[in-house]
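Quick notes on the structure that follows.
The values are calculated or read from the model by the stated rules, or taken from the named source; none is laboratory data. Being a predicted model, the structure only gives us computed values, none of them experimental. Cβ atoms come from the backbone with ideal geometry, glycine included; neighbour counts cover every protein chain shown. Areas reflect the complete protein model, heavy atoms only, side chains present, ligands, DNA and RNA absent. Shrake-Rupley method; radii C 1.70, N 1.55, O 1.52, S 1.80 Å.
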Amino acid sequence: MHNINSSEHRIYIIRQTERELGDMDHRQLRDNIRTFSLGDCARGNQGYNRVLLQLFGYTGHGKSSLINSCIYALEEDGGFIEHAEAGDQDGGKTMIRKAYELTGNITMVDNRGYNRMDGFQRAEVYAQLGNFIPVGEKVVWRDNYTDMMIEVERSDMDPNCTDFIVPVLVYSAKAGLAEGEKPEVKIFISNCIKMTGVAPIIVLTNKTSGDYFEIEKQFKLIGAETVIAVENYTNEDSMKTLRRTTDFLMFIDGSIKQVIFRMEQKRNPREERLQRKIFLLQYIHEAEMKKEEDKRERERRKEEEFRAKVLKSPLKFLFQLGRDT
């Protein structure tokens, strides 16, 4: 039996994927996206007014560029326009949750990027995901329980219950998925499902600058269901091609399919928002407990170091103490 080596196997996969894409009519995909309506779902809109594609990711991984590319791919005429201002690799420019309408029924939201996901910064990410920070408002990384609680309670003054949320994690294939990031990304995927009922779509940007086959495999091993690789359009590289345009249209169309599937089941927007709030409040509480635990641990280690110094050289310590006083 002939064994296909890794390189040959990848070429085979690429060619097979290209044939499949060739069978996809970009005009039909555009039409599917433009004519989609929540009211056409099996049970009607069930109280939802629009689909919100919620974009998350590390700063500089291409969230804003993805929005620009999707808008460009949906247009049949006209040149490339930078609607969402893209940041650089070292620090994104998005500080405010900004919404960009793709159609009358589908909106993309550029959420604030993060350099790491830990503690209260992680809680702020979930606050954005659950729409507890209004679109158009600046996102501030808070670091205490009280401020986070005030923020969540303020959102109930004018609650948003009518957005059907589809989480999207944007990740650069150029960066590679580090081992240390995998546990956090796995938790993020799981919590997205808990908060929205929808598995996040993973969009790998910079597909030609990294081994996106390997990164796709790594994401699927930690629970990702849908992984799509794209090469964003930019001002410097805006020549439309069939393959690139189809990639973006398939991403949007795939998001719609997620919505249609979930809308086959009975939904209650207000009850779901309440459940998201309960999840978030519990998460904030746990973050506060972890912060206090870490503080106690630091104090304990400091005390142990102090005692070790005394036991190691008590006379020297007493002499130094006398000099300090």
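Things to note:
- GLN46, sole failed condition from (1) within 20 Å of GLY254 (Cα to Cα); (2) modelled with pLDDT of 95 or more; (3) polar (S, T, N, Q): (1)
- Criterion violated by ASP25 - all others in (1) more than 17 Å from VAL109 (Cα to Cα); (2) crowded, with 16+ Cβ neighbours inside 10 Å satisfied: (2)
- Residue in the range 254-292 that is nearest to SER37 (Cα to Cα), counting only those that are basic (Lys, Arg), in a helix (DSSP H, G or I) and open to solvent by 90 Å² or more (accessible area, probe 1.4 Å): LYS257
- Failed criterion for ILE284 (all others in (1) β-branched (Val, Ile, Thr); (2) more than 29 Å from PHE132 (Cβ to Cβ); (3) out of contact with any Ser or Thr (no Cβ under 7 Å at 6 or more places or on another chain) hold): (2)
- Failed item in (1) open to solvent by 30 Å² or more (accessible area, probe 1.4 Å); (2) within 21 Å of the chain's Cα centre (by Cα); (3) among the hydroxyl-bearing types (Ser, Thr, Tyr), with THR196 passing the rest: (1)
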